[in-house]
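The values are calculated or read from the model by the stated rules, or taken from the named source; none is laboratory data. Values in this document were obtained by computation on a predicted structure and should not be read as measured data. Using ideal geometry, Cβ is built from the backbone for each residue, glycine included, and neighbour counts are taken over all protein chains shown.
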Amino acid sequence: MKHFGYLVRRLFWLFLTVLILVTVLFITLLTYRPAPSPKEDTLLVEEKIDDWQPKNVLKAWDDGSMSPSVKKGFLLVSETSGQMGPNAEDPNNRFAGNNLSCTNCHLQYGIQAGSGSWVGVVKRFPQFRGRENRMGDLQDRINGCMERSMNGKKLPKDSEEIKAIIAYMDWLGEGLPKEKEKEYKGYPKIKIPEVKVDLTVGKAVYDKECVVCHGADGQGIKKPDATKGYLYPPLWGPDSFNNGAGMHRVITSAEFIKSNMPFGLATYKNPKLTDAEAYHVAGYINSFDRPVKSNTKEDFPDKKLKPVSTSYGPWLDTFSQEQHKYGPFPPIIAYYKEKYNIEKSK
């Protein structure tokens with residue numbers, strides 16, 4: 001009987017061991033998933049990148065998910081006139097000199113690719129700026145817009161306003177895949193026509209595509225509450241950007257127009273206008289009077305770096321002021337390539 005009890009115990013433990021092994025094997029088979037092949041892994045990464053979308057700004061505003069600083073920054077860039085422009089309650093906060101909002105150019109609250117989007121912009125600074133001929137930070141870049149596009153004056157670099165604007169820009173870029181950074185940078189290039197701007201062609205394009213929003217007189221449409229600025233901004237005249245702004249350069253303006261206009265009908269991936277139409281209408285828009293920035297002679301200390309479509313001198317060439325404003329630009333581009341070995345695209 002003693003040996004029989006020993007045998008029973010051995011058989012019991014053997015059965016238990018086999019049962020455990022079978023159970024482990026069964027669970028392993030149920031949960032096993034083969035490792036993705038390199039190709040499958042790449043597809044998963046690409047799918048994740050393609051699925052990425054910028055912030056839904058208005059939804060975040062409504063649901064309260066913006067931090068106070070981001071919320072302040074959003075108001076500053078979307079209601080610039082009333083927050084820090086001519087309609088600001090506190091005269092000490094009137095930095096913008098016109099009634100434009102930053103988002104009149106940086107479309108869809110700064111998220112639209114091809115319109116100088118702010119998505120990912122924080123990571124691109126500091127950067128070298130030819131207009132100042134030095135490395136500059138994002139505060140410098142914002143103040144460049146304040147003095148030129150907004151026809152105003154600089155914000156103090158340590159001000160709550162500039163901190164809030166950068167907080168908003170930083171928030172917009174959260175989670176941006178590295179592979180998409182280029183998509184949200186600047187304006188897509190155009191093929192620069194070989195001819196001078198034709199103002200007659202430009203006016204025809206303007207009358208067909210632009211009048212409905214910006215008006216025959218180019219003065220835009222104000223928001224119902226005019227203290228909050230424009231629904232569609234003026235393109236020339238006293239309340240528009242000044243002649244020192246990038247938008248006053250025909251090539252830069254044409255790049256923006258090609259990728260974004262008519263508003264709501266065009267994107268950089270699906271433009272409506274041709275390169276030539278954008279070029280001629282950009283010249284037409286910039287043929288009208290607008291505010292004049294002081295001290296433009298100090299721009300681009302190294303004159304070799306001056307964009308060829310900068311309408312004000314001096315330049316390091318003998319091309320006329322009219323050609324620098326209206327083109328044709330390829331001969332000027334060729335000159336700087338031959339004489340200074342500098343490749344210019346605008």
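Test G237 against the stated conditions and say whether it is touching an Asp or Glu at 6+ places or on another chain (Cβ under 8 Å) and under 29 Å from R124 (Cα atoms). Reasoning before the result, please.
Details: touching an Asp or Glu at 6+ places or on another chain (Cβ under 8 Å): yes; under 29 Å from R124 (Cα atoms): no.
No, not satisfied.
Of the residues that sit in segment 86-140 and are assigned to a helix (DSSP H, G or I) and aliphatic (A, V, I, L, M), which one is farthest from P301 (Cα to Cα)?
Narrowing segment 86-140 to residues assigned to a helix (DSSP H, G or I): 91-93, 102-104, 107-110, 121-124, 138-140.
Restricting the remaining residues to those that are aliphatic (A, V, I, L, M) gives 107, 121-122, 138.
Details: L107: 31, V121: 25, V122: 26, L138: 20 Å.
Among residues in segment 86-140 that are assigned to a helix (DSSP H, G or I) and aliphatic (A, V, I, L, M), the one farthest from P301 (Cα to Cα) is L107.
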So which pairs qualify, if the first residue must be in segment 313-335 and of a type in the set (D, E, K, R), the second must be at pLDDT 95 or above and surrounded by 13 or more Cβ atoms within 10 Å (Cβ to Cβ), the Cβ gap must be under 6 Å, and the two must be at least 6 apart or on different chains? D317/Y335; K325/S311
With criteria (1) in contact with a helix residue (DSSP H, G or I) (Cβ under 6 Å, 6 or more places away or on another chain); (2) over 30 Å from T227 (Cα atoms), V121 comes up short on (2)
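Output yes when any residue across segment 209-230 is within 16 Å of the chain's Cα centre (by Cα), within 21 Å of K325 (Cβ to Cβ) and not assigned by TED's automatic domain parsing to the domain that holds G82, and no when none is. Walk me through it before giving the result.
The first filter runs over segment 209-230 and keeps only residues within 16 Å of the chain's Cα centre (by Cα), leaving none.
Among the residues of segment 209-230, not one is within 16 Å of the chain's Cα centre (by Cα), within 21 Å of K325 (Cβ to Cβ) and not assigned by TED's automatic domain parsing to the domain that holds G82, which makes the answer no.
Just to be sure I understand, how many residues within segment 144-179 are part of a helix (DSSP H, G or I), free of Cβ contacts under 8 Å to residues at least 24 places away in the same chain and surrounded by fewer than 21 Cβ atoms within 10 Å (Cβ to Cβ)? Walk me through it before giving the result.
We begin by selecting, within segment 144-179, every residue part of a helix (DSSP H, G or I); these are 144-147, 160-172, 178-179.
Adding the requirement that they be free of Cβ contacts under 8 Å to residues at least 24 places away in the same chain leaves 144, 162, 178.
The next check asks that each one be surrounded by fewer than 21 Cβ atoms within 10 Å (Cβ to Cβ); those that pass are 144, 178.
Here the count works out to 2.
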Residues of segment 227-274 being acidic (D, E) and part of a loop (DSSP other than H, G, I, E, B), in sequence order, are D239
Evaluate the following for G85: is it over 19 Å from the mean Cα position of the chain (by Cα), more than 15 Å from I165 (Cα to Cα) and of a type in the set (G, A, S)? no
Could you count how many residues in segment 284-309 are under 25 Å from the mean Cα position of the chain (by Cα), closer than 17 Å to I342 by Cβ and basic (K, R)? 1
